[in-house]
(Lines give C-alpha, C1' and ligand atoms only; values in the text may rest on other atoms or scores of the structure.)
Protein backbone atom coordinates (compact mmCIF):
# COMPACT_ATOMS: atom_id res chain seq x y z
CA UNK A 1 0.00 0.00 0.00
CA UNK A 2 1.43 3.40 -1.00
CA UNK A 3 2.69 5.52 1.87
CA UNK A 4 0.19 8.33 1.29
CA UNK A 5 -2.74 5.88 1.71
CA UNK A 6 -1.37 4.77 5.07
CA UNK A 7 -1.16 8.43 6.04
CA UNK A 8 -4.77 9.01 4.96
CA UNK A 9 -5.98 5.98 6.96
CA UNK A 10 -4.14 7.12 10.08
CA UNK A 11 -5.37 10.70 9.70
CA UNK A 12 -8.91 9.43 9.12
CA UNK A 13 -8.77 7.27 12.25
CA UNK A 14 -7.53 10.20 14.33
CA UNK A 15 -10.34 12.43 13.03
CA UNK A 16 -12.93 9.68 13.70
CA UNK A 17 -11.63 9.20 17.27
CA UNK A 18 -11.78 12.97 17.77
CA UNK A 19 -15.46 13.11 16.85
CA UNK A 20 -16.26 9.98 18.88
CA UNK A 21 -14.58 11.57 21.91
CA UNK A 22 -16.73 14.70 21.46
CA UNK A 23 -19.91 12.60 21.32
CA UNK A 24 -18.86 10.63 24.42
CA UNK A 25 -17.99 13.80 26.31
CA UNK A 26 -21.30 15.41 25.35
CA UNK A 27 -23.19 12.32 26.41
CA UNK A 28 -21.27 12.19 29.69
CA UNK A 29 -21.90 15.91 30.25
CA UNK A 30 -25.62 15.45 29.60
CA UNK A 31 -25.71 12.48 32.00
CA UNK A 32 -23.97 14.48 34.71
CA UNK A 33 -26.31 17.43 34.17
CA UNK A 34 -29.36 15.16 34.36
CA UNK A 35 -27.94 13.56 37.50
CA UNK A 36 -27.57 16.98 39.10
CA UNK A 37 -31.17 17.88 38.24
CA UNK A 38 -32.44 14.59 39.70
CA UNK A 39 -30.41 15.22 42.86
CA UNK A 40 -31.94 18.69 43.24
CA UNK A 41 -35.44 17.17 42.93
CA UNK A 42 -34.47 14.54 45.50
CA UNK A 43 -33.28 17.31 47.82
CA UNK A 44 -36.67 19.02 47.53
CA UNK A 45 -38.51 15.77 48.30
CA UNK A 46 -36.30 15.06 51.31
CA UNK A 47 -36.70 18.64 52.56
CA UNK A 48 -40.49 18.51 52.30
CA UNK A 49 -40.67 15.13 54.07
CA UNK A 50 -38.38 16.29 56.88
CA UNK A 51 -40.56 19.24 57.91
CA UNK A 52 -43.74 17.15 58.02
CA UNK A 53 -43.76 15.81 61.57
CA UNK A 54 -44.59 12.14 62.12
CA UNK A 55 -45.47 11.45 58.51
CA UNK A 56 -44.83 8.62 56.08
CA UNK A 57 -44.34 9.09 52.34
CA UNK A 58 -43.93 6.78 49.36
CA UNK A 59 -41.98 8.21 46.43
CA UNK A 60 -42.03 6.44 43.06
CA UNK A 61 -38.55 6.07 41.57
CA UNK A 62 -39.57 3.78 38.70
CA UNK A 63 -37.74 6.06 36.27
CA UNK A 64 -34.55 5.49 38.28
CA UNK A 65 -34.95 1.75 38.72
CA UNK A 66 -31.58 1.07 37.09
CA UNK A 67 -29.81 3.74 39.13
CA UNK A 68 -28.38 3.57 42.64
CA UNK A 69 -29.00 6.22 45.27
CA UNK A 70 -26.23 6.55 47.82
CA UNK A 71 -26.17 8.07 51.31
CA UNK A 72 -23.17 8.84 53.49
CA UNK A 73 -22.49 11.13 56.41
CA UNK A 74 -19.00 12.29 57.31
CA UNK A 75 -17.58 14.46 60.05
CA UNK A 76 -14.91 16.91 58.94
CA UNK A 77 -12.62 19.00 61.13
CA UNK A 78 -12.27 22.72 60.71
CA UNK A 79 -9.69 23.86 63.22
CA UNK A 80 -11.04 23.05 66.68
CA UNK A 81 -14.60 22.60 65.44
CA UNK A 82 -16.24 19.64 63.71
CA UNK A 83 -18.96 19.64 61.09
CA UNK A 84 -21.26 16.74 60.20
CA UNK A 85 -22.25 16.63 56.53
CA UNK A 86 -24.84 14.30 54.99
CA UNK A 87 -24.22 13.63 51.30
CA UNK A 88 -26.64 11.82 49.00
CA UNK A 89 -27.76 11.52 45.38
CA UNK A 90 -27.37 9.37 42.29
CA UNK A 91 -24.21 7.31 42.56
CA UNK A 92 -21.42 8.74 40.37
CA UNK A 93 -23.83 11.02 38.51
CA UNK A 94 -24.19 14.76 38.87
CA UNK A 95 -23.45 17.05 41.78
CA UNK A 96 -24.60 15.38 44.99
CA UNK A 97 -26.61 17.03 47.76
CA UNK A 98 -24.68 18.08 50.86
CA UNK A 99 -26.66 18.95 53.98
CA UNK A 100 -25.29 20.11 57.35
CA UNK A 101 -28.67 20.55 59.05
CA UNK A 102 -31.03 17.60 58.49
CA UNK A 103 -30.39 14.40 60.46
CA UNK A 104 -31.07 11.76 57.79
CA UNK A 105 -30.64 8.03 58.35
CA UNK A 106 -30.63 5.53 55.48
CA UNK A 107 -28.86 2.49 54.03
CA UNK A 108 -25.60 3.22 52.24
CA UNK A 109 -27.28 2.41 48.92
CA UNK A 110 -30.88 2.09 47.72
CA UNK A 111 -31.94 0.70 44.36
CA UNK A 112 -35.53 0.06 43.33
CA UNK A 113 -38.82 1.52 42.18
CA UNK A 114 -39.81 3.22 45.46
CA UNK A 115 -38.47 5.22 48.37
CA UNK A 116 -40.06 5.08 51.81
CA UNK A 117 -39.65 8.24 53.93
CA UNK A 118 -40.66 8.47 57.58
CA UNK A 119 -40.16 11.41 59.93
CA UNK A 120 -40.25 11.47 63.74
CA UNK A 121 -39.66 14.42 66.08
CA UNK A 122 -36.60 14.46 68.31
CA UNK A 123 -37.37 16.14 71.64
CA UNK A 124 -34.96 17.11 74.42
CA UNK A 125 -37.35 17.89 76.13
CA UNK A 126 -38.88 20.43 73.69
CA UNK A 127 -38.82 19.64 69.99
CA UNK A 128 -35.36 19.98 68.48
CA UNK A 129 -35.83 18.79 64.90
CA UNK A 130 -37.47 16.01 62.88
CA UNK A 131 -35.38 12.95 62.09
CA UNK A 132 -35.89 11.54 58.59
CA UNK A 133 -35.54 7.85 57.81
CA UNK A 134 -35.19 6.74 54.19
CA UNK A 135 -35.29 3.15 52.96
CA UNK A 136 -36.54 1.08 50.05
CA UNK A 137 -38.35 -2.16 49.14
CA UNK A 138 -35.09 -4.08 48.66
CA UNK A 139 -34.05 -3.53 52.29
CA UNK A 140 -35.07 -6.22 54.75
CA UNK A 141 -35.26 -5.63 58.52
CA UNK A 142 -35.24 -8.75 60.69
CA UNK A 143 -36.25 -8.45 64.35
CA UNK A 144 -34.85 -10.87 66.93
CA UNK A 145 -36.04 -11.15 70.54
CA UNK A 146 -39.27 -10.41 72.39
CA UNK A 147 -39.75 -6.69 72.85
CA UNK A 148 -42.55 -4.14 72.91
CA UNK A 149 -40.23 -1.98 70.79
CA UNK A 150 -40.15 -4.67 68.14
CA UNK A 151 -43.94 -4.90 68.14
CA UNK A 152 -44.08 -1.12 67.75
CA UNK A 153 -41.78 -1.31 64.70
CA UNK A 154 -43.88 -4.07 63.12
CA UNK A 155 -47.00 -1.97 63.60
CA UNK A 156 -45.46 1.19 62.15
CA UNK A 157 -43.84 -0.59 59.19
CA UNK A 158 -47.07 -0.78 57.18
CA UNK A 159 -49.80 1.79 56.60
CA UNK A 160 -51.87 3.36 53.85
CA UNK A 161 -50.52 6.85 53.18
CA UNK A 162 -53.18 7.84 50.63
CA UNK A 163 -56.63 6.18 51.00
CA UNK A 164 -57.82 7.52 47.63
CA UNK A 165 -55.03 5.91 45.62
CA UNK A 166 -54.43 3.08 48.12
CA UNK A 167 -50.68 3.77 48.11
CA UNK A 168 -49.04 1.63 50.78
CA UNK A 169 -46.09 2.50 52.94
CA UNK A 170 -44.61 -0.94 53.58
CA UNK A 171 -41.13 -1.49 54.96
CA UNK A 172 -39.99 -5.12 54.78
CA UNK A 173 -39.95 -6.05 58.48
CA UNK A 174 -40.25 -9.54 59.87
CA UNK A 175 -39.81 -11.12 63.29
CA UNK A 176 -37.95 -14.40 63.79
CA UNK A 177 -37.44 -16.66 66.79
CA UNK A 178 -33.65 -16.59 66.45
CA UNK A 179 -30.97 -15.52 63.95
CA UNK A 180 -30.69 -19.03 62.49
CA UNK A 181 -34.32 -18.78 61.37
CA UNK A 182 -33.56 -15.90 58.99
CA UNK A 183 -34.36 -16.41 55.33
CA UNK A 184 -33.32 -13.81 52.80
CA UNK A 185 -34.60 -13.03 49.32
CA UNK A 186 -32.17 -12.63 46.43
CA UNK A 187 -31.16 -9.00 45.92
CA UNK A 188 -32.20 -7.87 49.40
CA UNK A 189 -29.84 -6.17 51.84
CA UNK A 190 -30.43 -7.29 55.43
CA UNK A 191 -30.33 -5.36 58.70
CA UNK A 192 -30.79 -7.52 61.81
CA UNK A 193 -32.28 -5.69 64.79
CA UNK A 194 -31.45 -7.64 67.95
CA UNK A 195 -33.67 -6.66 70.87
CA UNK A 196 -32.51 -9.64 72.96
CA UNK A 197 -29.06 -8.10 73.41
CA UNK A 198 -27.17 -11.35 72.86
CA UNK A 199 -27.97 -12.85 69.47
CA UNK A 200 -25.06 -11.09 67.75
CA UNK A 201 -21.54 -11.17 69.16
CA UNK A 202 -18.13 -10.15 67.81
CA UNK A 203 -16.69 -13.07 65.85
CA UNK A 204 -19.87 -15.15 66.05
CA UNK A 205 -20.96 -16.85 62.81
CA UNK A 206 -23.19 -15.17 60.25
CA UNK A 207 -26.49 -17.09 59.79
CA UNK A 208 -26.08 -19.70 57.04
CA UNK A 209 -28.77 -18.10 54.87
CA UNK A 210 -26.72 -14.86 54.74
CA UNK A 211 -23.17 -16.17 54.41
CA UNK A 212 -23.11 -15.97 50.60
CA UNK A 213 -24.24 -12.36 50.54
CA UNK A 214 -21.76 -9.55 50.00
CA UNK A 215 -20.39 -8.12 53.24
CA UNK A 216 -21.89 -4.70 52.53
CA UNK A 217 -25.39 -6.25 52.29
CA UNK A 218 -25.55 -7.64 55.85
CA UNK A 219 -25.40 -5.63 59.07
CA UNK A 220 -26.88 -5.63 62.56
CA UNK A 221 -27.71 -3.40 65.50
CA UNK A 222 -27.97 -4.76 69.02
CA UNK A 223 -29.91 -3.01 71.78
CA UNK A 224 -28.52 -4.05 75.13
CA UNK A 225 -29.36 -1.97 78.17
CA UNK A 226 -31.72 0.96 77.71
CA UNK A 227 -29.07 3.48 76.66
CA UNK A 228 -26.69 1.55 74.40
CA UNK A 229 -26.71 0.32 70.80
CA UNK A 230 -23.94 -1.71 69.17
CA UNK A 231 -23.29 -1.83 65.43
CA UNK A 232 -22.01 -4.90 63.56
CA UNK A 233 -21.07 -5.58 59.92
CA UNK A 234 -20.64 -8.88 58.09
CA UNK A 235 -16.99 -9.75 57.42
CA UNK A 236 -16.70 -13.03 55.58
CA UNK A 237 -18.62 -15.55 57.64
CA UNK A 238 -18.44 -13.79 61.01
CA UNK A 239 -19.64 -10.57 62.63
CA UNK A 240 -17.26 -7.63 62.89
CA UNK A 241 -17.80 -5.02 65.61
CA UNK A 242 -18.16 -1.45 64.30
CA UNK A 243 -18.60 0.11 67.71
CA UNK A 244 -21.14 1.09 70.34
CA UNK A 245 -23.05 4.34 70.78
CA UNK A 246 -25.20 5.89 73.46
CA UNK A 247 -28.89 6.52 72.80
CA UNK A 248 -29.20 10.16 73.83
CA UNK A 249 -32.95 10.37 74.27
CA UNK A 250 -35.72 10.64 76.84
CA UNK A 251 -37.15 7.31 75.64
CA UNK A 252 -40.93 7.07 75.29
CA UNK A 253 -42.99 5.75 72.39
CA UNK A 254 -41.59 6.08 68.88
CA UNK A 255 -38.15 7.02 70.18
CA UNK A 256 -36.56 8.91 67.27
CA UNK A 257 -33.01 8.05 68.36
CA UNK A 258 -33.68 4.31 68.55
CA UNK A 259 -35.13 4.31 65.03
CA UNK A 260 -32.15 6.37 63.86
CA UNK A 261 -29.89 3.50 64.95
CA UNK A 262 -32.07 1.00 63.09
CA UNK A 263 -32.12 2.91 59.80
CA UNK A 264 -28.57 4.33 59.80
CA UNK A 265 -26.22 2.47 57.46
CA UNK A 266 -23.53 2.31 60.15
CA UNK A 267 -22.28 3.85 63.37
CA UNK A 268 -20.61 6.69 61.49
CA UNK A 269 -23.92 7.78 59.96
CA UNK A 270 -25.68 7.46 63.33
CA UNK A 271 -23.09 9.62 65.13
CA UNK A 272 -23.05 12.10 62.27
CA UNK A 273 -26.83 12.57 62.38
CA UNK A 274 -26.81 12.94 66.15
CA UNK A 275 -24.14 15.64 65.91
CA UNK A 276 -26.38 17.54 63.50
CA UNK A 277 -29.26 17.20 65.95
CA UNK A 278 -27.21 18.57 68.84
CA UNK A 279 -26.06 21.50 66.75
CA UNK A 280 -29.73 22.30 66.25
CA UNK A 281 -30.36 21.76 69.99
CA UNK A 282 -27.83 24.48 70.70
CA UNK A 283 -29.86 26.98 68.65
CA UNK A 284 -33.26 25.85 69.92
CA UNK A 285 -32.13 26.01 73.56
CA UNK A 286 -31.08 29.64 73.02
CA UNK A 287 -34.60 30.42 71.76
CA UNK A 288 -36.18 28.76 74.78
CA UNK A 289 -33.91 30.75 77.09
CA UNK A 290 -35.83 33.83 75.96
CA UNK A 291 -39.12 32.00 76.42
CA UNK A 292 -38.07 31.00 79.95
CA UNK A 293 -37.64 34.67 80.90
CA UNK A 294 -41.23 35.36 79.79
CA UNK A 295 -42.59 32.37 81.71
CA UNK A 296 -40.69 33.44 84.82
CA UNK A 297 -41.99 37.00 84.58
CA UNK A 298 -45.59 35.84 84.16
CA UNK A 299 -45.36 33.33 87.03
CA UNK A 300 -43.79 35.79 89.48
CA UNK A 301 -46.60 38.28 88.82
CA UNK A 302 -49.18 35.71 89.93
CA UNK A 303 -50.35 34.67 93.37
CA UNK A 304 -50.34 31.10 94.60
CA UNK A 305 -48.05 28.22 93.69
CA UNK A 306 -46.79 29.37 90.27
CA UNK A 307 -43.91 31.51 91.63
CA UNK A 308 -42.75 28.45 93.57
CA UNK A 309 -43.14 26.02 90.68
CA UNK A 310 -41.17 28.20 88.26
CA UNK A 311 -38.20 28.44 90.61
CA UNK A 312 -34.97 27.40 88.92
CA UNK A 313 -36.37 27.46 85.37
CA UNK A 314 -34.00 30.05 83.92
CA UNK A 315 -30.96 28.39 85.50
CA UNK A 316 -32.05 25.03 84.11
CA UNK A 317 -32.57 26.33 80.58
CA UNK A 318 -29.25 28.19 80.63
CA UNK A 319 -27.61 24.97 81.71
CA UNK A 320 -29.33 23.18 78.82
CA UNK A 321 -27.94 25.74 76.40
CA UNK A 322 -24.42 25.41 77.84
CA UNK A 323 -24.55 21.61 77.80
CA UNK A 324 -25.74 21.64 74.19
CA UNK A 325 -22.70 23.72 73.24
CA UNK A 326 -20.41 21.27 75.05
CA UNK A 327 -22.13 18.30 73.43
CA UNK A 328 -21.62 19.78 69.95
CA UNK A 329 -17.95 20.45 70.62
CA UNK A 330 -17.12 17.23 72.47
CA UNK A 331 -19.63 14.64 71.16
CA UNK A 332 -20.33 12.17 72.65
CA UNK A 333 -18.92 13.62 75.88
CA UNK A 334 -21.26 15.91 77.85
CA UNK A 335 -24.30 14.65 75.92
CA UNK A 336 -25.47 12.39 78.76
CA UNK A 337 -25.55 15.45 81.03
CA UNK A 338 -27.62 17.26 78.38
CA UNK A 339 -30.19 14.45 78.38
CA UNK A 340 -30.29 14.31 82.20
CA UNK A 341 -30.92 18.05 82.42
CA UNK A 342 -33.53 17.70 79.69
CA UNK A 343 -35.36 15.12 81.81
CA UNK A 344 -35.45 17.59 84.72
CA UNK A 345 -36.78 20.31 82.42
CA UNK A 346 -39.48 17.95 81.20
CA UNK A 347 -40.56 17.22 84.78
CA UNK A 348 -40.61 20.93 85.66
CA UNK A 349 -42.61 21.77 82.53
CA UNK A 350 -45.15 19.10 83.47
CA UNK A 351 -45.64 20.76 86.85
CA UNK A 352 -46.02 24.17 85.22
CA UNK A 353 -48.71 22.74 82.96
CA UNK A 354 -50.90 22.26 86.01
CA UNK A 355 -52.30 25.76 86.45
CA UNK A 356 -49.26 27.79 85.33
CA UNK A 357 -47.77 28.85 81.99
CA UNK A 358 -45.58 26.02 80.66
CA UNK A 359 -42.27 26.49 78.89
CA UNK A 360 -43.40 24.54 75.82
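The values are calculated or read from the model by the stated rules, or taken from the named source; none is laboratory data. This is a predicted model, so every value here is computed, not measured. Glycine also receives a Cβ, built like all others from the backbone with ideal geometry; neighbour counts cover every protein chain displayed.
You will find that of 281, 220, 292, 245, the residue that is surrounded by 16 or more Cβ atoms within 10 Å (Cβ to Cβ), assigned to a helix (DSSP H, G or I) and within 18 Å of the chain's Cα centre (by Cα) is 281 and no other. Of the residues making up segment 67-82, those that are in contact with a strand residue (DSSP E or B) (Cβ under 9 Å, 6 or more places away or on another chain) and not in a strand (DSSP E or B) number 2. In the set (1) surrounded by fewer than 21 Cβ atoms within 10 Å (Cβ to Cβ); (2) under 17 Å from residue 258 (Cα atoms); (3) over 17 Å from the mean Cα position of the chain (by Cα), residue 65 fails one condition alone, (2). Filtering segment 259-273 to residues that are in a helix (DSSP H, G or I) and in contact with a helix residue (DSSP H, G or I) (Cβ under 7 Å, 6 or more places away or on another chain) leaves 260, 261, 270, 273.
If we scan segment 162-183, do we find a residue that is closer than 24 Å to residue 274 by Cβ, outside any strand (DSSP E or B) and assigned by TED's automatic domain parsing to the domain that holds residue 220? Looking for residues that are closer than 24 Å to residue 274 by Cβ, outside any strand (DSSP E or B) and assigned by TED's automatic domain parsing to the domain that holds residue 220, one finds at least one in segment 162-183, hence yes. For segment 295-338, the tally of residues that are touching a strand residue (DSSP E or B) at 6+ places or on another chain (Cβ under 9 Å) and in a loop (DSSP other than H, G, I, E, B) stands at 2.
Restricting 153, 116 to residues that are in a strand (DSSP E or B), under 18 Å from the mean Cα position of the chain (by Cα) and in contact (Cβ under 8 Å) with a residue 12 or more places away in the chain narrows the list to 116. Taken together, 209, 183, 204 contain a single residue that is modelled with pLDDT under 90 and closer than 26 Å to residue 109 by Cβ, which is 183. Per the listing 334, 322, the residue uniquely surrounded by 14 or more Cβ atoms within 10 Å (Cβ to Cβ) and at positive phi is 334.
Results for (1) at pLDDT 95 or above; (2) surrounded by fewer than 20 Cβ atoms within 10 Å (Cβ to Cβ); (3) in contact with a strand residue (DSSP E or B) (Cβ under 9 Å, 6 or more places away or on another chain); (4) not assigned by TED's automatic domain parsing to the domain that holds residue 213, shown as yes or no for each residue.
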position	(1), (2), (3), (4)
231	yes, no, yes, no
236	yes, yes, no, no
252	no, yes, yes, no
260	yes, no, yes, no
270	yes, no, yes, yes
